[in-house]
Amino acid sequence: MLQKQQQFHDGCTKISSLGYNNKKLCKFNMRILLSNDDGVNAPGIQVLAARLREFAEVQVVAPDRNRSGASNSLTLESSLRTFTLPNGDISVQMGTPTDCVYLGVNALMRPAPEVVVSGINAGPNLGDDVIYSGTVAAAMEGRHLGIPALAVSLNGHEHYETAAAVTCTILRALMREPLRTSRILNINVPDLPLDQIKGIRVTRCGSRHPSDKVIPQEDPRGNTLYWIGPPGDKFDAGPDTDFAAVDEGYVSVTPLHVDLTAHSAREVVSHWLNKSGVDEQW
């Protein structure tokens, strides 16, 4: 346990294994675009930015407010205004996570980033959550633009330093041994002190029961307002899922890709089309 804890701790403080013994030499060895969906001032992104800046050049480009659940939405019906904060972070007014990464890669970070990191999200992105998640969407946009990308979420709202240490360790590994894949890594970290993290598991996405809660309210004028309710309970939380790993105290790493094609169903659909004669009905 002590050796594992030291590995995570050293992820952002020592990279002598890369051949750099002088901390001054290893600083700015990687250019990272950092975004999120919780907003530029959220604690998760600020904790992670501080840790990443110990060994990398980091540009934060993030929404100016909480855009959780924005998924892969891109702003096309209006222009986007940016503001540079005193610490150099850039906020995008009314921007989505996807907007932020698109602008960061194509305009705002020069030289262009080598890695896109999204997070640390306040709360998990497990199972079906990845469909709606702005955190995952920001990483997806980075990967779509040809850049390796990570999405990082904490299964809670307390131990952001734990998630930051894990993220730094994984990034250090990518510097030492590049991952030859076109996938993003969706990382979920238990909300525990670092010394209680048991390790890392490679997982698949579990699933939830459908969400069916709508919360109505009434405004002062008597009009009905509606809030989207919480996500559904766990449905598939088998031992190889992201749900199970996090519940058991392990960091979950799930490779994700953009291709939504159900390849195993293509033959079934083709057979159905031939049998039903759909293409003969016009």
(request) Please work out the average accessible area per residue across the chain, using the 1.4 Å probe convention, and give it in Å². (result) 54 Å²
(request) Could you tell me what percent of the accessible area of segment 186-282 is made up of carbon and sulfur, with a 1.4 Å probe and every protein chain present? (result) 56 percent
(request) Would you mind counting up the charge near Trp227? Only other residues with Cβ under 15 Å from its Cβ, with Lys and Arg at +1 and Asp and Glu at -1. (result) -2
(request) With all protein chains present, calculate the accessible area of Phe83 using a 1.4 Å probe and round the result to the nearest 10 Å². (result) 100 Å²
(request) Count the lysine pairs in the chain whose Cα atoms sit under 13 Å apart, keeping only pairs 8 or more residues apart in sequence or on different chains. (result) 4
(message) Tell me the volume per residue, in Å³, of the convex hull enclosing the alpha carbons of segment 187-274.
(response) 187 Å³
(message) For the chain, compute Rg over Rh where Rg is the Cα radius of gyration and Rh is the Kirkwood radius from the inverse mean 1/r over Cα pairs.
(response) 1.03
(message) Given the -39500 (n - 2.57) contribution per DSSP H run of 4+ residues, what per-residue ellipticity at 222 nm results for the chain, rounded to the nearest 500 deg cm²/dmol?
(response) -8000 deg cm²/dmol
(message) If the only charges are +1 at each Lys and Arg Cβ and -1 at each Asp and Glu Cβ, what is the size of the charge dipole of the chain around the Cα centre, to the nearest 20 debye?
(response) 1120 debye
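The values are calculated or read from the model by the stated rules, or taken from the named source; none is laboratory data. If you're wondering where the values come from, they're calculated on a predicted model, not measured in any experiment. Positions of Cβ are generated from backbone atoms using ideal geometry, with glycine treated the same way; all protein chains shown enter the neighbour counts. Accessible surface areas use protein heavy atoms only, side chains included; no ligands, DNA or RNA. Shrake-Rupley method; radii C 1.70, N 1.55, O 1.52, S 1.80 Å.
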